[in-house]
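Input: a single structure, listed below in structure tokens.
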Amino acid sequence: MRFGVVVFPGSNNDHDCYRVVEDVLEEPVEYIWHQDSDVEGFDALILPGGFSYGDYLRTGAIARFSPVVESVKRFADGGGLVLGICNGFQILLEIGLLPGAMLRNQSLKFVCQYVNLRVENNETPFTNQCVNGEVLRVPIAHNEGAYFADQTTLEALRANQQVVFSYCDDAGRVVEEANPNGALENIAGIVNDRGNVLGMMPHPERCSEEMLGSLDGLKIFRSMLAAAKAPATP
Amino acid sequence: MVEPAITPDTIADHGLTEEEYDRIVELLGRPPNHLELGIFSVMWSEHCSYKSSKSHLGKFPTEGPHIVQGPGENAGIVDIGDGLALVFKIESHNHPSFIEPFQGAATGVGGILRDIFTMGARPLASLNSLRFGPLQIPKNRYLMEGVVAGIAAYGNCIGVPTVGGEIHFSEVYNGNPLVNVFNVGLTRHDRIFRGRADGAGNAVMYVGSKTGRDGIHGATMASEDFDETSEERRPTVQVGDPFTEKLLLEACLEVMEENLIVGIQDMGAAGLTCSTSEMASRGNTGITVDLARVPRREEGMSPYEIMLSESQERMLLVAKPGQEERVREVFARWNLDCVAVGEVTDDGLLRVTDDGRPLAAIPAVALTEHAPVYERPLAPPDDLAERQSLDLDRVYIPEDCSAVLLELLASPSIANKEWVWRQYDHMVRINTVVLPGSDAAVIRLPGTAKGVAMSLDGNGRWCWLDPREGGKRAVAEAARNVVCAGARPLAITNCLNFGNPERPSTMWAFAEVVEGMAEACEALGTPVTGGNVSFYNETLGTAVYPTPVVGVVGLLEDVSKHLTQWFKDEGDAVVLLGPASEELGGSEYLAVVHGLVRGRPSIDLGLERSVHELILKAAGEGLLKSAHDVSDGGLAVALAEAGFQPSGHPLGCSISLRVETRPDAALFGEGPSRVVVSCIPDNVQRLQGLAEEGRVPFTLLGTVGGEDLTVSGPDGKPLISVAASEAKRSWEESLPGLFERPQERDFDR
């Protein structure tokens, strides 16, 4: 399975995603520079975390105008797998591949810590190696991670089971105390209605090796592999 | 433009003395013009010239088998085998952080990162050492929030993890917070670059951000005391742009990987002036720079402003002949300015021109090697004997040591710093093996089995009481922290934060600290590869404690064998390696509970080295499950902290303690060279054997396990008995509580 990691000026988790695909998954992977518009031949694209264009205006707002973005949209429209992590999720919101918007953390502070994620929908190409209700330990690291959507959008997300991950406590309960950033209904990750585009604030690439403290992130990458091998109808 | 006249007032405004001015005239063979005066003033400022400290810094040992680059470059370099090298350095940004905490601290991070990647290394991880006045004072909370947010904003955006450090609080830092930042990077021996301008005729290229009016005379500002008007200095603080620095980092590493350049130096303090004169001076060459070609952010900037601007995210490099175009292409891809602004010459002069019109011509070495060096007068403070006398008969022994333990755990200098480090991205680049909170941070080195452990440490209180012993103990503790991660300390960098050097007592403390540190570096086999001196940390005549901050890097050949400070399993044995000292002088306990900063700390460096060797040996044999340095708050705090693993229920332990003098001294004394380790009971005998071989005192203290932390005295009487969860709560809730529910007090200055 051939992965492409899209690099915007200011991306800084590009290398981490690349290493996990190459060293842990042992699959082919290439960087895609933001000025390239060719994403042919890839089976999945990763939009990594970081601070594209410094996030000086609004997270992802300038990355939206990079030449590569139109290609990413076409790739997604064609059913290709797109995983946006952290800043990648923020960019997916800005380019309209996912609904909703991101607000600043309720604390108004950057927060980097491990959180618990409850798997809400394991029938996606990103979660087929998980069970529903399973609790994953995955770190977050962001300043603007409070997911927000209007009531109509939220109802549609719920109706289509597009909420994939929720922040939860150790026991898997989705409670306010387990919400690290003020996200609406503890939403940590969503897919598009077709199910081939996932945006998530937590960083699975940071917990895909035993030495780093958790292997839970690997389940997401392994799910993508499994989906590519036996394409499920989304 | 009318050239301003040089008057005694102009000279004084530039922070130069009359003698210094006469020396300039002598070196030039004529009076300087206004631009030249500005150039001399920044290069001869304390910050750039080290004129008060130079004669002392020579006492540091700087050579050793691992040392690739000692002091004098942008950063130090140590060899770690397999063709790899670590590049590391510490920098202070104390003055700007007091004036503008967010940008002051942010640009400190930007500066230290440039020092690392200018040598050819990709930054691996940052640490920081911070000191503030008590948080009950609103101004100190404002400073700390701003500094932490500034460090976070810069480090997080550029994508270099901030993996730990230290924070201390004391009244003496009220008007003078200390903000020291450290970074370590990784490079290969065949990709080390230096700040040298070699090869006459080679192009001198300016890369990075455009030049603006920010930060003019920042170095001079950092070389003065503060008073009520200091906040008017805000325009001398630069503004950071971590996004541009990220681009600059990637572009620089690309031209280095392609081997396109001869030398490179960042434009930090004193900007274009410092980079041109230092590069020429190191290369025994000259540099001509034409200001008309310098990319500018605003119109109408004078040559003086361009030469003295401290705009951030700029570098000066010398290209290899014929490679200028390729260098330009790389920087263009990253959307950065890259302009040939001049060339290397063979006449030894720093020549400044404006579209060919000569503006200044100064021998480069006049600005660097020929800067004044002062042997400032030294005298111990009048009250030294009083500080050092501690009459313990007049210090009551608390009845409830459990309550004292809880109080110490909540003392901000000891309490959990998660409120701070959760604001730092400490995991980016997926190399952080030990997350913040343990004695040392551990980073794995990608593509190898190796790891690097690092720690920053200092203790101003000890140095105020006895600068020589305090200096020794600062080095010993930083090295011990790295040893507690199972790593062998290789070398140190240091940041020496002091008051006004023109005060003989400050200079005496400085000299003593340096000699103490030098002795410890010799004894522990950790040479000094460079560092930073920050004087004038003084507001309205009140100086900070003499505060050396020591950064140590250590190597783990096999990173999977690293240790952390936390107990692992119930039933494991708890052992104290090192002397069973009961030294109360200079302790956090004495300061917090009794309001006393008294005593005379000391250290036996031979024993310290033996403790290091013992732990490394035991760790190498796989005998140890944890190792935690006994420091602030003494043995009782160390035992409590060892039970506070990052996740899950805290672990208690039952300990029995011999008490020779008094229970508070045995529990809370901070005698050095002590480490609490845990191991399976079957390994106790082997560990004891190794300790005897290594002549290190060995004390079996007790067992890990249970809900409570209990310490009983010689007669079996309980000295401490608290629930581990209660202890953890006290330790965890202190810092957030101070920010969220402050009990305000007036800023007394």
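The values are calculated or read from the model by the stated rules, or taken from the named source; none is laboratory data. Remember, it's a predicted structure, so these values are computed and weren't measured experimentally. Methodologically, a virtual Cβ is constructed for each residue, glycine included, from the backbone with ideal geometry; neighbour enumeration extends over all protein chains shown.
Scan region B:254-263 and tell me whether some residue there is within 14 Å of chain A (Cβ to nearest Cβ), surrounded by fewer than 24 Cβ atoms within 10 Å (Cβ to Cβ) and either in contact (Cβ under 8 Å) with a residue 12 or more places away in the chain or among the small types (Gly, Ala, Ser) (or both). Yes, region B:254-263 contains at least one residue that is within 14 Å of chain A (Cβ to nearest Cβ), surrounded by fewer than 24 Cβ atoms within 10 Å (Cβ to Cβ) and either in contact (Cβ under 8 Å) with a residue 12 or more places away in the chain or among the small types (Gly, Ala, Ser) (or both). Looking for something more than 22 Å from A:LEU98 (Cβ to Cβ), more than 11 Å from chain B (Cβ to nearest Cβ), among the aliphatic types (A, V, I, L, M) and within 19 Å of the chain's Cα centre (by Cα) - is there at least one such residue anywhere in region A:37-59? Scanning region A:37-59 turns up no residue that is more than 22 Å from A:LEU98 (Cβ to Cβ), more than 11 Å from chain B (Cβ to nearest Cβ), among the aliphatic types (A, V, I, L, M) and within 19 Å of the chain's Cα centre (by Cα). For region A:69-114, the set of residues classified as of a type in the set (A, V, I, L, M), over 23 Å from A:SER223 (Cα atoms), in contact with a Gly (Cβ under 9 Å, 6 or more places away or on another chain) and within 14 Å of chain B (Cβ to nearest Cβ) consists of A:VAL111 only. As for region B:36-45, it holds no residue that is surrounded by fewer than 21 Cβ atoms within 10 Å (Cβ to Cβ) and without any contact (Cβ under 8 Å) to a residue 40 or more places away in the chain. Looking for something buried (at least 21 other Cβ atoms within 10 Å of the Cβ) and either of a type in the set (Phe, Trp, Tyr) or free of Cβ contacts under 8 Å to residues at least 12 places away in the same chain (or both) - is there at least one such residue anywhere in region B:341-363? Checking region B:341-363: not a single residue is buried (at least 21 other Cβ atoms within 10 Å of the Cβ) and either of a type in the set (Phe, Trp, Tyr) or free of Cβ contacts under 8 Å to residues at least 12 places away in the same chain (or both).
Just one of (1) in contact with a Lys or Arg (Cβ under 8 Å, 6 or more places away or on another chain); (2) surrounded by 24 or more Cβ atoms within 10 Å (Cβ to Cβ); (3) modelled with pLDDT of 95 or more fails for B:GLY530. It is (3). Selection of region B:622-647 for residues being of a type in the set (D, E, K, R) and not in a loop (DSSP other than H, G, I, E, B) yields B:ASP629, B:GLU641. Entry remark, region B:712-728: residues being of a type in the set (A, V, I, L, M) and either under 18 Å from B:LEU577 (Cβ atoms) or surrounded by fewer than 19 Cβ atoms within 10 Å (Cβ to Cβ) (or both) number 1 in total. Could you please let me know if B:LEU178 is within 21 Å of B:SER631 (Cα to Cα) and either more than 14 Å from every other protein chain (Cβ to nearest Cβ) or in contact with a strand residue (DSSP E or B) (Cβ under 9 Å, 6 or more places away or on another chain) (or both)? Yes; evaluated as a whole, the condition is true for this residue.
Screening A:GLY54 with (1) part of a loop (DSSP other than H, G, I, E, B); (2) modelled with pLDDT under 95 gives one miss only, at (1). Tell me yes or no: at least one residue of region B:513-531 is among the charged types (D, E, K, R) and farther than 30 Å from B:ALA638 by Cβ. Checked region B:513-531: no residue is among the charged types (D, E, K, R) and farther than 30 Å from B:ALA638 by Cβ. Scanning region B:447-467 for residues that are at the interface with chain A (Cβ under 10 Å from one of its Cβ atoms) and either under 28 Å from B:ALA149 (Cα atoms) or in contact (Cβ under 8 Å) with a residue 40 or more places away in the chain (or both) gives a single hit, B:GLY451. The condition (being among the hydrophobic types (A, V, I, L, M, F, W, C) and touching a residue at least 12 places away in the same chain (Cβ under 8 Å)) is satisfied by just one residue among A:PHE75, A:PHE65: A:PHE75. Here A:GLY133 meets the list (1) buried (at least 19 other Cβ atoms within 10 Å of the Cβ); (2) out of contact with any strand residue (DSSP E or B) (no Cβ under 6 Å at 6 or more places or on another chain); (3) more than 20 Å from A:ARG194 (Cα to Cα); (4) not aliphatic (A, V, I, L, M) almost entirely, failing just condition (1). Step by step: first the residues of region A:143-176, then only those that are surrounded by 15 or more Cβ atoms within 10 Å (Cβ to Cβ) and hydroxyl-bearing (Ser, Thr, Tyr), then the one that is nearest to B:ASN156 (Cα to Cα). Which residue is that? The qualifying residue nearest to B:ASN156 (Cα to Cα) is A:TYR147. For region A:107-137, filtered to residues that are hydrophobic (A, V, I, L, M, F, W, C) and in contact with a Phe, Trp or Tyr (Cβ under 7 Å, 6 or more places away or on another chain), the residue that is farthest from B:GLN423 (Cα to Cα) is A:VAL119.
Is it the case, given these coordinates, that B:VAL676 is on the phi < 0 side of the Ramachandran plot, in a loop (DSSP other than H, G, I, E, B), in contact with a strand residue (DSSP E or B) (Cβ under 9 Å, 6 or more places away or on another chain) and crowded, with 19+ Cβ neighbours inside 10 Å? Against the criterion (on the phi < 0 side of the Ramachandran plot, in a loop (DSSP other than H, G, I, E, B), in contact with a strand residue (DSSP E or B) (Cβ under 9 Å, 6 or more places away or on another chain) and crowded, with 19+ Cβ neighbours inside 10 Å), B:VAL676 does not qualify. Only a single criterion out of (1) of a type in the set (S, T, N, Q); (2) surrounded by fewer than 23 Cβ atoms within 10 Å (Cβ to Cβ); (3) closer than 30 Å to B:TRP508 by Cβ is not satisfied by B:SER52, namely (2).
Here the condition is being surrounded by fewer than 19 Cβ atoms within 10 Å (Cβ to Cβ), touching a Lys or Arg at 6+ places or on another chain (Cβ under 8 Å), not acidic (Asp, Glu) and not in a loop (DSSP other than H, G, I, E, B); of B:ALA591, B:ALA666, B:ALA580, B:ALA619, it holds for B:ALA591 alone. In this structure, B:LEU127 does satisfy being under 20 Å from B:GLY551 (Cβ atoms) and touching an Asp or Glu at 6+ places or on another chain (Cβ under 9 Å).
Kindly indicate whether any position in region B:65-73 is at pLDDT below 95, polar (S, T, N, Q) and over 31 Å from the mean Cα position of the chain (by Cα). No, region B:65-73 has no match at all. Scanning region B:408-422 for residues that are within 10 Å of chain A (Cβ to nearest Cβ) and either more than 19 Å from the chain's Cα centre (by Cα) or of a type in the set (Ser, Thr, Tyr) (or both) returns B:GLU418, B:TRP419, B:ARG422. If you go through region A:122-166 and keep only what is more than 17 Å from A:GLN90 (Cβ to Cβ) and among the hydroxyl-bearing types (Ser, Thr, Tyr), you end up with A:THR124, A:THR127, A:THR152, A:SER166.
Show the residue pairs meeting these rules: Cβ distance below 9 Å; 6+ apart or different chains; first residue within region B:556-573 and more than 12 Å from every other protein chain (Cβ to nearest Cβ) and over 14 Å from B:LEU623 (Cβ atoms); second residue crowded, with 20+ Cβ neighbours inside 10 Å and among the acidic types (Asp, Glu). From region B:556-573, the pairs are B:GLN565/B:ASP439; B:GLN565/B:ASP629; B:GLN565/B:GLU641; B:TRP566/B:GLU641.
Exactly one residue out of B:LEU435, B:LEU392, B:LEU405 is away from chain A (no Cβ under 14 Å), touching a residue at least 12 places away in the same chain (Cβ under 8 Å) and surrounded by 22 or more Cβ atoms within 10 Å (Cβ to Cβ): that is B:LEU405.
Yes/no per residue for (1) surrounded by 16 or more Cβ atoms within 10 Å (Cβ to Cβ); (2) modelled with pLDDT under 95; (3) farther than 24 Å from A:ARG2 by Cβ; (4) not small (Gly, Ala, Ser):
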{"site": "A:GLY182", "(1), (2), (3), (4)": "yes, no, yes, no"}
{"site": "A:VAL191", "(1), (2), (3), (4)": "yes, no, no, yes"}
{"site": "A:PRO202", "(1), (2), (3), (4)": "yes, no, yes, yes"}
{"site": "A:GLU205", "(1), (2), (3), (4)": "yes, no, no, yes"}
{"site": "A:ARG222", "(1), (2), (3), (4)": "yes, no, no, yes"}
